[in-house]
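Just so it is clear, none of the values below were taken in a lab; they were calculated from the coordinates. What you see is a predicted model; the values in this text were computed from it and never measured. Here the Cβ is made from the backbone with ideal geometry for all residues, glycine too, and neighbour counts use every protein chain on show.
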Amino acid sequence: MSQAVAQVVAGAAFALGAALLAWRYELGLARPLVTAAVRAAVQLAAVGAVVALVFRVPALAVAFVAVMVVTAALTAGGRLRGLPGARRAAALAIAVPALSATAILLAVGAFDVTPRAAIPTAGILIGGAMAATTLTGRRLLEALARGGDELEARLALGDAARTALAPFTRQAITTGLVPAIDQTRSVGLVTLPGTFVGLLLGGASPAAAARIQLTVLLALLAVELLSAIVVAELITRACIRPGERIVVPPAAVAASR
Amino acid sequence: MASEREREAPGLRVRGLAVALGGRTVLRDLSFDAPKGAVTVVVAPSGTGKSTLLRCCNRLLQPDAGTILLDGADVDGVEACALRRRVGLVGQVPVMLPGSVRDNLAYGLTERDDASDAALTRALAAAGLDAAFLDRPADELSGGERARVTLARALTRGPELLLLDEPTAALDAAAAAHVGETLRGLAADGLGVLAATHDLGFAAAVADRAIALRDGRAVTGTPEEILGAGEGERGAADAKHGAADAKPGAGEAR
C-alpha cells in the first residue's frame, strides 16, 4: 500500500470509527461528524488543486491572497456589526498589517519570493490579523455600549472626546493581544504550532522548522498589535463628533443588550 | 418684558431650544434664564427632557434649534472642553473613575487648576465629606458618598455654572438638605446653579427661581407659583383619591 493510499484509508477509518462510537452512545453526533469529515475532504482537495494551479501560474498567487483578505474582512466585518462601514474597517485593519509584514519578510529575503513561501506566510498573518481585529473590535464596541455614563462623565469633566475614549481603546487592544502573546509564550510547551509540524512532516530539519516558526510567530505579534490599533482607531473615529461629542454606534448598544 | 439690564445679567440664557431624540420631540421652543448668584430649579417628572436640557447647556448634545448664551456669548462659539470646565455637570448616575477619591477630584485638572490637597479638601467639604475621604478607593463608596464626590469633582474645576441632574436621587433626607445648603452657599458666592429635579420638597427648599417643563416648553414663574401649581396638582390628585375612599370611610363612621 502506498503512503498516499494509507493516509486516505487511515483518515477515513478514524472518521468512520468516531461516527460509529457516536452512534453506539446515541450522542446524535454521527451525522455531523461524517458531514464535517466529508466537508473537510472536499475543501482540502479543492484548496490543494487551487494551490497546485497557483504554483504553476505564479501570477494567480496575487488573486489567491486577495481572496484570503476578502474572506477574512467579511468574517471579521460580520462580527463588528453595528459599526458603520464595518467591512471596510475590518479590511483595512487586516490587510495593511498582514500584507506589509508579508512584503517585508519577502523583501529582506527571510522567505523565498515564490508562491510556495509567500502564500502560507500571508495566510498565517492574515488569519492572526483577523483574530486580533475581531477580538479588539468586539470588545471595544461592547465596552462603549456599556460605558455611556462613564464616557459622559469624562467629557463633562473637560476631557476631549479622544481622551475620554482612550481608556476604553487601551483595554480593548490589551484584550485583543492576549491570544497572540499567550501563543508566543507557550510555544513548544503546550502545543507544537502548525508551521513547525508541517515543516517537520515535509522533511525539514528541526532547526529549520524552529527558525521559520519563530519568524512567523514574531511577525504575528507585530501584525496583531497593529491590527488591534487600526481597528480601535477606526472605531474611535466613528464615535467622535464635532464639538468633542461622542456617539456610540446605536447597533452596538442594541447588540450588547 | 425683560429690562435691558436684566438681559445683560451674567449667567445662562436659553432661547428657543428644540431637541428631538430618535424622532421624538423632547424639547420645543424652550426659553428661560439661569442667572449667576441664584439657584434655578427645573421641575418635571422623569423622562420629560430634564437631562436633555442640561446636556445641551454644556454641549454634550447638539440641539436642533435655539441658542444657549453664557454671559451673553453663544456656547456654540466656546471651545467644548473649556466650556465644560466652566459649566460643570453633575450627572444623575454618580460615575466613579478608577483610583482614589483624590484621583477622582484631580482627574483632568490642568496646571492652571489648583490640585493641592487643600483645594481638594475644600471641594470635598463643600459637598459634605471630610478630608479622610481623599485616600478612600472610589469604588468602595456608598451611593450617597459617590453622589457627593461627583459634586466635589465638578467643583475642583472652578466652574462658573453648575448643572445638577436629580442631585438628591441617591441621598437620604439629611444628605439632601446638606446638598441644598451647599448649592445655596455656592449661589451666594456668585455661582450659577441649575438643578433639575422631580423632588418638590428639595426644589422648594433651594430655589430662587423655578421652571416647570410641560410638553417640552418652560412654564416660568416664582418658586411659589411653579411649586404651588405642582402642589396644587398633587393636592387635586389626593382629593380625588380621598373622594374614592370616602364611601367605605363613611360606612365605618356609622
Magnitude of the Cβ-charge dipole of chain A, K/R +1 and D/E -1, about the Cα centre, nearest 20 debye? 380
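In a shell of Cβ-Cβ distance under 14 Å around B:G66, excluding B:G66 itself, what net charge do Lys and Arg (+1) and Asp and Glu (-1) give?
Values: positive: B:R13, B:R15, B:R28, B:R55, B:R59, B:R217; negative: B:D29, B:D33, B:D64, B:D74, B:D76.
Cβ neighbours under 14 Å give a net charge of +1.
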How do A:V51, B:V41 line up, fewest other C-beta atoms within 10 Å first? A:V51, B:V41
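Could you please report the charge total around A:A232, scoring K, R as +1 and D, E as -1 over all other residues with beta-carbon less than 11 angstrom from its beta-carbon?
Details: positive: A:R139, A:R170, A:R237; negative: A:E233.
So the surrounding residues net to +2.
So what is the 222 nm mean residue ellipticity for chain B from helices alone, if each DSSP H run of at least 4 adds -39500 (n - 2.57) and you divide by all residues, rounding to the nearest 500 deg cm²/dmol? Walk me through the intermediate numbers first.
Working: 9 runs with 102 residues, N = 254.
Helix contribution divided over all residues of chain B: -12500 deg cm²/dmol.
Given 0.36 nm per residue, what is the gain on full extension from B:R24 to B:T222 after removing their alpha carbon distance, in nm? Before the final figure, lay out the partial values.
Working: separation 198, 0.36 × 198 = 71.28 nm, distance 2.99 nm.
Between B:R24 and B:T222, full extension yields an extra 68.3 nm.
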So what's the gap between the Cα centers of segment A:170-194 and segment B:31-51, to the nearest angstrom? 53
Only Cα pairs within less than 10 Å get springs; with that Gaussian network setup on chain B, which residue of B:V149, B:V101, B:V26 has the largest fluctuation? B:V26
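What's the average, rounded to a whole number, of partner chain beta-carbon atoms within 10 Å of each residue's beta-carbon in B:107-120?
1
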Chain A: most fluctuating residue of A:Q183, A:Q171, A:Q43 per GNM, C-alpha cutoff 10 Å: A:Q43
Extending each Cα 7 Å along its Cβ direction at B:S116 and B:A65, get the distance between those two points in nm, one decimal. 5.1
What shape does chain B take by its C-alpha gyration tensor, where a ≥ b ≥ c are the square roots of the eigenvalues and a/c under 1.5 counts as rounded, a/b above b/c as prolate, and the rest as oblate? oblate
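Take the Cα radius of gyration of the protein assembly as shown and divide it by 2.2 N^0.38 Å, with N its residue count; two decimals is plenty.
On the way: Rg = 32.3 Å, N = 511, 2.2 N^0.38 = 23.5 Å.
The reported ratio for this selection is 1.37.
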Dipole axis of segment A:109-257 (+1 Lys, Arg; -1 Asp, Glu on Cβ), positive-most option in A:G147, A:A209, A:T114: A:T114
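How much FRET efficiency would the formula 1/(1 + (r/R0)^6) give for B:D208 and A:Q171, where r is the Cβ-Cβ distance and R0 is 56 Å, rounded to 0.05?
On the way: r = 44 Å, r/R0 = 0.79.
Rounded to the nearest 0.05, the efficiency is 0.80.
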Peptide ranges A:153-164, A:18-29 listed from the most packed, as the mean C-beta count within 10 angstrom indicates: A:153-164, A:18-29
